[in-house]
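These notes are about the structure you will find just below.
The values are calculated or read from the model by the stated rules, or taken from the named source; none is laboratory data. These figures come from a predicted structure and were not determined experimentally. All Cβ positions, glycine included, derive from the backbone under ideal geometry; neighbour counts span all protein chains shown. In case anyone asks, the SASA skips ligands and DNA or RNA and just uses the protein heavy atoms, side chains included. Shrake-Rupley method; radii C 1.70, N 1.55, O 1.52, S 1.80 Å.
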Amino acid sequence: MSISGDVEMGHGHHPHEHEHQHDASDVPPALDLSVPDDELSPADVSRRGFLRGAGLLGAGAAASVLAAPSVAAAAGLPHAHGPAGGGSEKGGFRWLAGDHHIHTQYSSDGQYRVIDQAQQGQAFGLDWLVITDHGSNAHAKIGVEKVNPDIVATRKELPGLLTFQGLEWNIPAAEHATVFVHPGRHEVEVLKKFEQAYDGTQLPASNTEAQNEAAAIAGIKFLGEQVRARKVEGALFLANHPGRRGVDSPHELRNWRDADPTVAIGMEGAPGHQAAGIPAPHGRGGTRGYYDNNPSAASFAGYPLETYRTWGGFDWMTATVGGLWDSLLAEGKAWWITVNSDSHVNYLDTSERGPGGAFDVDGRYPDPVHAGRPNTSAGDFWPGFYGRTNVGARNATYKAVMDGLRDGRVWVDHGRLIKNLDARVRVAGDHRAATGTPLGGVLRVKRGVPTELTLEIDLQDRPNWAQFVPVLRRVDVIVGTVTGPVADKDAFTAPDTRVVQSYEVSAGARRLSVRYPLGRLDKPFYLRLRGTDGKRTQPGLMGAATDPYGPKLDVLGDADPWGDLWFYTNPIWVLPR
């Protein structure tokens, strides 16, 4: 279906009935299983019966959007005013671009000063970023507290940039994760205690896999406890490059989320290290994200070989329609995706580590010095140069960014494929106001009520940092049935999820504005979006009937990241009320 970018197809938005419970304990009677059926109203009895029939009540639903109405409340209604600060205005939110995975000279494989990464990130259009130096023996002893003065100084020098302090956690029994906290008096104390007690490098070598998995869950719970104890205002966890080595099993992802859904919120939909795919002799000639592994004894045995490669630069878990990410969303789990740079040493930079120093003693490398030649073998881009995590925030503050991430108001892109995006789901034909349920939100309607997607994309009209104007060619609408908690926590497919509609974008268009009818609600479902420059596509792993034009498997040595651009959004759920 071809849509002219300037044609208005259902441009208006409106408010309608959401269920906004701002207290997580304020659960509707039909969802509160401590309330017997005979004490419910007839309407609640009917609602509970519908949810039970769909498998959406009972064990395992505690971390789902069904049993946690606060997830719907978290999406909230957009503010009409535009807060001061960076970002772009769209759909009533301040969209702030950021990067949550960045290394400095305080990482054993890093190079740059904090201020270097921050200045470059801001210059390349970022509004927020997180410094995430590696967990290790040296870092656990002195790294967290030693880097903090540099972060504090950066906050003062660059007041328009929100600079978080975090770390890259060696998850016990698994891969890595970004962990970061809201700035404050106890940020160093909380991060240091967390790393020393729960980093995989600090645990006994004699630990069994079960003991290490339990330690990871305990670490996430610890972070939540620090927030509730008011040590920090917020703490977030995002699994990094989850498919790279195949060691983040499906049950671990589910267990992390269930340990504390206010802390463990998602994963990298696409890894950093995207410059590693630039073909030789101009680049490293490797794989995007350093996804060049094969299964090992530590890998989850059920994963296919496709797990270990990227697809259009994105992780297999995200790129596969009907795959692992969709299996979590089909449960009703609010599990979000992001992208970032994972910047260590950057492509075409002309600096190198300074001479001297002893990292194991100092916990840092000397400041970088000019090398006089561009580094064509580096696998990273500067923060903001290629990937963006765009967060719909209520204002340009640390708390608003963390709230937006936690609420799933996020879309991501590579190479600045698009300028901006606003996606909503609403009751069909209701045009009373300019709003609807945004990304990450939950719309609750009566059975039989028709709903529709409204989508507005501002297409790119400015060159990206590779100095060309990206062109969006196609947008896909992906819909999946919410089937409730799985019996097998290692399940990683969602057979009912598929691409239901695609829109080809007209050449020369400036805007894509569409309205897509979602039909009358007969069963709970979720919706997410994906778009591409259309240069490299193939049928998805679940078959052409599920995904006829999905991302293509990236090839070792021939994976130019600039020639294969995609955007993805987080989901919106539509559930019975």
Mind listing just one residue for me: the one in segment 68-90 that is open to solvent by 30 Å² or more (accessible area, probe 1.4 Å) and at pLDDT 60 or above and, of those, nearest to Pro438 (Cα to Cα)? Glu89
Any chance Leu529 is over 21 Å from Ala319 (Cβ atoms) and aliphatic (A, V, I, L, M): no
Looking only at segment 96-131, filter to residues that are buried (at least 24 other Cβ atoms within 10 Å of the Cβ) and acidic (Asp, Glu); which one of those is nearest to the chain's Cα centre (by Cα)? Asp99
Would you mention how many residues in segment 253-284 are open to solvent by 20 Å² or more (accessible area, probe 1.4 Å) and part of a loop (DSSP other than H, G, I, E, B)? 7
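Condition check ((1) within 21 Å of the chain's Cα centre (by Cα); (2) surrounded by 20 or more Cβ atoms within 10 Å (Cβ to Cβ)) across all residues:
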| position | (1), (2) |
| --- | --- |
| Leu328 | yes, yes |
| Asp342 | yes, yes |
| Gly356 | no, no |
| Ser377 | no, no |
| Asn395 | yes, no |
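Every residue, every condition in (1) of a type outside the set (Asp, Glu); (2) more than 20 Å from Val345 (Cα to Cα), yes or no:
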{"residue": "Ile131", "(1), (2)": "yes, no"}
{"residue": "Asn137", "(1), (2)": "yes, yes"}
{"residue": "Glu145", "(1), (2)": "no, yes"}
{"residue": "Ala153", "(1), (2)": "yes, yes"}
{"residue": "Pro159", "(1), (2)": "yes, yes"}
{"residue": "Trp169", "(1), (2)": "yes, no"}
{"residue": "Phe180", "(1), (2)": "yes, yes"}
{"residue": "Ala205", "(1), (2)": "yes, yes"}
Counting only residues that are more than 30 Å from Ala43 (Cα to Cα) and part of a loop (DSSP other than H, G, I, E, B), which one in segment 410-433 is most open to solvent (accessible area, probe 1.4 Å)? Arg416
Within segment 556-574, the count of residues that are touching a residue at least 60 places away in the same chain (Cβ under 8 Å) and open to solvent by 10 Å² or more (accessible area, probe 1.4 Å) comes to 5
Here's a check for you: in segment 291-310, which residue that is closer than 25 Å to Val499 by Cα and surrounded by 24 or more Cβ atoms within 10 Å (Cβ to Cβ) is nearest to the chain's Cα centre (by Cα)? Thr310
Limited to segment 532-547, what total is found for residues that are over 26 Å from Ala507 (Cα atoms) and either touching a His at 6+ places or on another chain (Cβ under 8 Å) or surrounded by 14 or more Cβ atoms within 10 Å (Cβ to Cβ) (or both)? 3
Count, please, the residues in segment 450-471 that happen to be open to solvent by 40 Å² or more (accessible area, probe 1.4 Å) and among the β-branched types (Val, Ile, Thr). 2
I need the full set of residues from segment 235-251 which are within 17 Å of the chain's Cα centre (by Cα) and open to solvent by less than 20 Å² (accessible area, probe 1.4 Å), in order please. Ala235, Leu236, Phe237, Leu238, Ala239, Asn240, His241, Pro242, Gly243, Asp248, Pro250
Please work out which one of (1) more than 30 Å from Arg577 (Cβ to Cβ); (2) outside any loop (DSSP other than H, G, I, E, B); (3) in contact with a Leu (Cβ under 6 Å, 6 or more places away or on another chain) is the condition Pro470 fails and give its number. (2)
For Asp360, the lone unmet condition from (1) outside any helix (DSSP H, G or I); (2) modelled with pLDDT under 95 is (1)
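In the list Gly286, Gly323, Gly363, Gly313, which residue meets the criterion of being touching a residue at least 60 places away in the same chain (Cβ under 8 Å), over 18 Å from Val247 (Cβ atoms) and under 17 Å from the mean Cα position of the chain (by Cα)? Spell out the reasoning first.
Values: Gly286 fails: under 17 Å from the mean Cα position of the chain (by Cα); Gly323 fails: over 18 Å from Val247 (Cβ atoms); Gly363 fails: under 17 Å from the mean Cα position of the chain (by Cα).
Of Gly286, Gly323, Gly363, Gly313, the one residue that is touching a residue at least 60 places away in the same chain (Cβ under 8 Å), over 18 Å from Val247 (Cβ atoms) and under 17 Å from the mean Cα position of the chain (by Cα) is Gly313.
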Quick one: which of Arg406, Arg388, Arg373, Arg447 is open to solvent by 10 Å² or more (accessible area, probe 1.4 Å), assigned to a loop (DSSP other than H, G, I, E, B), in contact with a strand residue (DSSP E or B) (Cβ under 6 Å, 6 or more places away or on another chain) and not small (Gly, Ala, Ser)? Arg447
Give segment 517-532 a look and list any residue that's touching a residue at least 60 places away in the same chain (Cβ under 8 Å) and farther than 14 Å from Ile457 by Cα, or say none. Pro517, Leu518, Gly519, Arg520, Leu521, Asp522, Lys523, Pro524, Tyr526, Leu527, Arg528
Anything in segment 472-488 that is more than 17 Å from Leu529 (Cα to Cα) and surrounded by fewer than 19 Cβ atoms within 10 Å (Cβ to Cβ)? List them, or say none. Ala487, Asp488
Being more than 30 Å from Asn464 (Cα to Cα) and among the charged types (D, E, K, R) is the requirement here; does Asp360 meet it? yes
